[in-house]
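Visitor: Structure incoming, see below.
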Amino acid sequence: GIETQLVADFDAAKSVKLTGNGQYRINPVVKLQQVDLIGEIAGSVTPIDGVLVTVSAFEDYTGDDTADTVAGTVCDENGDYRFAFLPPGTYDILIEADGYDDVLFEEVEVTLGETITLDNVELTLSTP
């Protein structure tokens, strides 16, 4: 027989929603992917100094960060992030943090079985 390996990816960005009454609703969104049919995007952000840094992947970012994202994550305490389990294709990666300018990587090409490492992002304070 044929064997394959599947991975389950819990999508927190799509699973946790703020309701109108200020509470959160959880509707788990889990994607199953065949390991040999996916790739990854990884990178790092500095400085983070306790700031929540969100990173979103879009198939085609149009300037509307409320549009459907393909994947979302946050930086860990070291400023590192990773999108595992992405199907091959082209993605726009948006990095956001309150009080800092947004950073956008456009047309990041993901290929089978490869990890694409993006350049380190140095956050720049926003000017009012």
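The values are calculated or read from the model by the stated rules, or taken from the named source; none is laboratory data. What you see is a predicted model; the values in this text were computed from it and never measured. Here Cβ is always computed from backbone atoms with ideal geometry, including for glycine, and neighbour counts include all displayed protein chains. All accessible areas refer to the heavy atoms of the entire protein, side chains included, with ligands and DNA or RNA removed. Shrake-Rupley method; radii C 1.70, N 1.55, O 1.52, S 1.80 Å.
Visitor: Check T111 against each of (1) within 15 Å of the chain's Cα centre (by Cα); (2) touching a residue at least 24 places away in the same chain (Cβ under 8 Å) and name the one condition it does not meet.
Guide: Every condition holds for T111 apart from (1).
Visitor: So which residues in the stretch 18-34 are surrounded by 13 or more Cβ atoms within 10 Å (Cβ to Cβ), touching a residue at least 24 places away in the same chain (Cβ under 8 Å) and not charged (D, E, K, R)? Spell out the reasoning first.
Guide: Start the filter on the stretch 18-34 by keeping residues that are surrounded by 13 or more Cβ atoms within 10 Å (Cβ to Cβ), which leaves 29, 31, 33.
Next, from what is left, pick out any that are touching a residue at least 24 places away in the same chain (Cβ under 8 Å): 31, 33.
Answer for the stretch 18-34, where residues must be surrounded by 13 or more Cβ atoms within 10 Å (Cβ to Cβ), touching a residue at least 24 places away in the same chain (Cβ under 8 Å) and not charged (D, E, K, R): just Q33.
Visitor: Could you say which residue among S44, S15 is without any contact (Cβ under 8 Å) to a residue 24 or more places away in the chain, at negative phi and open to solvent by less than 40 Å² (accessible area, probe 1.4 Å)? So that I can check it myself, show each step before the final result.
Guide: Values: S44 fails: without any contact (Cβ under 8 Å) to a residue 24 or more places away in the chain.
Going through S44, S15 in turn, just one is without any contact (Cβ under 8 Å) to a residue 24 or more places away in the chain, at negative phi and open to solvent by less than 40 Å² (accessible area, probe 1.4 Å): S15.
Visitor: If you check N120 against the conditions, is it open to solvent by 80 Å² or more (accessible area, probe 1.4 Å) and in contact (Cβ under 8 Å) with a residue 12 or more places away in the chain? Before you say what the answer is, go through the steps one by one.
Guide: Details: open to solvent by 80 Å² or more (accessible area, probe 1.4 Å): no; in contact (Cβ under 8 Å) with a residue 12 or more places away in the chain: yes.
No: the conditions fail for N120.
Visitor: Could you pull out every one of the strands (runs of 3 or more DSSP E) wholly within the stretch 34-128 that has 3 or more residues that are at pLDDT below 90 and closer than 27 Å to V7 by Cα? Talk me through it step by step, then tell me what you get.
Guide: Values: elements: 39-46, 53-58, 71-74, 80-86, 89-97, 103-110, 115-117.
Correct list: 80-86.
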